[in-house]
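To start, the structure itself, in structure tokens.
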Amino acid sequence: MRRLREMSLRARLVLVSVLALTLGLAAGGVLLVGVLNYALLRAVSAEARDTGRGVADLINKGLLNPNQFIEVNPSMQVQVIDAQSRVRWVSAGANQLTPMLYDDELRGLTNEEVQEIPGSRIGLDGDVRVVMVVAGPPTQPLRVLVARSTSDLSQGVRILAITLLTTFPLLVVLLALVLWRALGAALHPVDALRAGAEEITGGTREGRLPLPESRDEIHRLAVTLNGMLHRLESARVRQRAFVADAAHELRSPLTNMRTELEVAQRLPDTDWQALTGDLLTDVDRLSRLVDDLLLLARADDGGRRAVAAPFRSVDLGALVGDVADRYPSVTYVRPAAPMEVTGEPDALGRVVGNLLDNAVRHAKSRVQVTVSADGTHRMITVADDGPGIPEADRERVFDRFTRLDDARARDAGGSGLGLAIVRELVRRHGGTVTLGDAGPGLRVDVRLPALR
């Protein structure tokens, strides 16, 4: 079994196919010889019965004269015996004194029944099939014994068996060679895929496997593998970009902190109170950035939840109001009725906080947030009168570390992760986020399933 596993797929397929073919041909040959032998023996018995019936008909009609030989096929012998087992008529070559069947064989034999005897008993080659047919009146019954040799038939069956034993191995070898070539041609695209994969791994080929010309399962496999390679390459590019952007974002506050400490170290009259305030600001920025990166990293891990705490009933109107109270420039009108959803309060509060941070950062004078019912959903709408986002860029801004031209300044306080975190957290709650025009400005609509 170990050697079989070490063989190539082509060799294993040929070996299994040859074994199955050999077993099938052997079983078919045995069945063919058996069926043919059975059919020939039935034909011999039928021929002997027909001959016996013909002789019995001659006896019943009184057409056989005393001392007359019965004319039959040279491969047959015929005897007509009376109730005392005395021979009355015979065919040419048959014994005229002794019946071809012994008394115990005749005693248990019924009309037209077959009895097999060795041919040497009556001077015939091979085995002999003897058929008894009853003739004559019931008061003086006669028995017609017809013997038919099966040597010629056995010889034919023997020749067939020898022919099969001779031709079957040659046929198996020929089919094995044809199968080896056919499997080689069928597995050639697989070898091409393997060679292409090795070239991709070695960096000497682009990230696509060759597509076979046939439209079979291997072609579909190549298409699937190319799709997988494309997704892996895209993920690798995104990962490299994410790491580069994260390093850049982390380096900015670290550089500021290092610069401030180096300046303070050279100045004897440094205002350490102001310096610690600036350092705490950079530390807070670093802390928020690390938290954002950690949340997105957990969101990318399929085996873990970005929202770690268990879901529970949350009054969306009260939650949005608590967050909005931290922004003096934000206008918020609490809904008249409770707007309950199922979720994690800290995660939903972070969604609202990120949206309000983004709106306050880019608004000219007005930021308004509302909570409303929309059928089976609850909607949070944040609108500002800032420059807005062009329709062509509204999907792109949800990508990580994405900044549009008017929002590239590092001192604005944004890292380009706010909207990416909003979409991820809302998606984890089974909701959606869409951007629209506030006329002028930007409107963000968050739809969350209502509590059921």
If we keep only residues of region 323-368 that are farther than 21 Å from Ser313 by Cβ and β-branched (Val, Ile, Thr), then the residue surrounded by the most Cβ atoms within 10 Å (Cβ to Cβ) is Val367
Between Val78, Val44, which is within 27 Å of Arg158 (Cα to Cα) and in the same structural domain as Val146 (by TED's automatic domain parsing)? Val44
Which numbered condition Ile218 misses (of (1) at pLDDT 80 or above; (2) surrounded by 15 or more Cβ atoms within 10 Å (Cβ to Cβ)): (1)
Hey, which of the strands (runs of 3 or more DSSP E) in region 280-386, taking only ones fully inside, have at least 3 residues that are at pLDDT 85 or above and under 20 Å from Asp445 (Cα atoms)? 330-332, 340-343, 367-374, 377-384
Residues of region 431-450 that turn out to be hydroxyl-bearing (Ser, Thr, Tyr) and more than 11 Å from Arg394 (Cα to Cα), as a count: 1
Which of the residues that make up region 394-420 are closer than 16 Å to Pro440 by Cβ and modelled with pLDDT of 75 or more? Arg394
Take the residues of region 317-338 that are of a type in the set (A, V, I, L, M) and touching a residue at least 40 places away in the same chain (Cβ under 8 Å): which is nearest to Thr376 (Cα to Cα)? Val320
Would you mind finding the one in Gly24, Gly54 that is free of Cβ contacts under 8 Å to residues at least 40 places away in the same chain, surrounded by fewer than 12 Cβ atoms within 10 Å (Cβ to Cβ) and assigned to a helix (DSSP H, G or I)? Gly24
Within region 112-129, how many residues turn out to be assigned to a loop (DSSP other than H, G, I, E, B) and farther than 15 Å from Gln79 by Cα? 3
Among (1) closer than 30 Å to Leu13 by Cβ; (2) surrounded by 15 or more Cβ atoms within 10 Å (Cβ to Cβ) - the single one Gly184 does not satisfy: (2)
When you scan region 34-51, how many residues do you find that are buried (at least 16 other Cβ atoms within 10 Å of the Cβ) and in contact with a helix residue (DSSP H, G or I) (Cβ under 9 Å, 6 or more places away or on another chain)? 4
Hey, Asp191 among the acidic types (Asp, Glu) and assigned to a helix (DSSP H, G or I) or not: yes
Close pairs from region 146-168: first closer than 30 Å to Val90 by Cβ and not assigned by TED's automatic domain parsing to the domain that holds Val134, partner exposed (fewer than 12 other Cβ atoms within 10 Å of the Cβ) and of a type outside the set (Val, Ile, Thr), Cβ under 9 Å, at least 6 apart: none
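The values are calculated or read from the model by the stated rules, or taken from the named source; none is laboratory data. Because the structure is predicted, anything quoted here is derived from the model rather than measured. Cβ sites come from the backbone with ideal geometry, for glycine too, and all protein chains shown count toward neighbours.
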